[in-house]
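Values in this text are rule-based calculations from the coordinates and carry no lab data. Keep in mind it's a predicted model, so treat the numbers as computed, not measured. When we count neighbours, we look across all protein chains shown, and the Cβ atoms used for this are built from the backbone with ideal geometry, even at glycine.
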């Protein structure tokens, strides 16, 4: 008897500023999951969002085309260079998530989440999947929401004894908020509270640059009273990142050091070939690597993460400062987490299979309660 393959819905695309890189990740995941065990369908949650007032009219039209079974036009903004063909390939293969998750057609067994940023990493899609009773990879609602909200994440991490940058939260470019931002000191790092891939982030060297930087970051926040921007001290030092994988006994992968040609590790530095050097394992003393791995596990557990996370640090002498924790790290083959996994002897296909197995393991436990 031929064993039935696990039907995996790779959730990709979405409506955030990271749609392009999400589609590239979806294409690579679909081609890399072991075909003897898994059947893959690419699902776009944009079809769920036609009535969402926060998306643009262009995104709404994309969602309508998708729901009607037509082609989705890609892209509308910056592309990661070298990934154009994969983004196009994923776009042609997209199925509206509504069609499968609403019970029409053959159901899926598990969702592999590859939607980054707003409506992907922030707990909202996780809540929908929990409501539908569909297992999914990675962290649940609370951990996803906490990690995505950089202000809340810092509060939780600091309460658990981790070193985080000094900073202030502002909501506008009013004189009061600008005064609070200037009090952080310069140079400063300005970024949206709830976005990923460094979209909307910038470094401010002079006080007269603060207003423009804050206004730019606010563009990438949800409209309304909850829009916030984080202004933080810029900690000098070497940038390290540590991925953690697993459920009950999370494993810290080898440390990666990031050296970028740009002012900081921004969207282009992350995804455009040749813009950054990612050294894995990092060429740092063994005790520093062990310390970073221990802190990454502590951050993972403090936020309640499951399956995977990646914690970014600045190592500056005695300080190992936590910048942020990503619950759905980049998932192309050359992204940081898969690169660290390869250094630990885990190839991309095996890594993806582990994520699916951990998701099904958690779902099995829930059913057994």
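Observations on the model:
- Taken over segment 124-206, the alpha-carbon convex hull comes to 127 cubic angstrom per residue.
- Global geometry of segment 10-66, whether rounded, prolate or oblate, following the gyration tensor of its Cα atoms and the 1.5 cut on a/c: prolate
- Relative to the dominant Cα principal axis of the chain, helix 150-159 is inclined by about 70°.
- Each peptide in 134-147, 11-24 receives the mean, over its residues, of other Cβ atoms within 10 Å, and ordering these scores from highest gives 11-24, 134-147.
- Using alpha carbons only: equivalent-ellipsoid semi-axes of segment 85-172, gyration tensor based, whole Å: 33, 17, 11
- Degrees separating the helix 57-67 axis from the principal Cα axis of the chain, which is the longest one: 20
- Anisotropy class of segment 167-233 from Cα gyration tensor, a/c 1.5 cut: oblate
- Rg to Rh, two decimals, where the chain supplies the alpha carbon set and Rh follows Kirkwood: 0.96
- Exposure proxy order (Cβ contacts within 10 Å, fewest to most) of 193, 110, 231: 110, 193, 231
- Placing dummy labels 7 Å off each Cα toward the beta-carbon, the span from residue 277 to residue 215 is 3.8 nm.
- Here segment 6-136 yields Rg over Rh of 0.93, to two decimals, using C-alpha coordinates and the Kirkwood radius.
- Neighbour counting of Cβ atoms within 10 Å sorts the residues 88, 121, 278, 324, fewest neighbours leading, into 88, 278, 324, 121.
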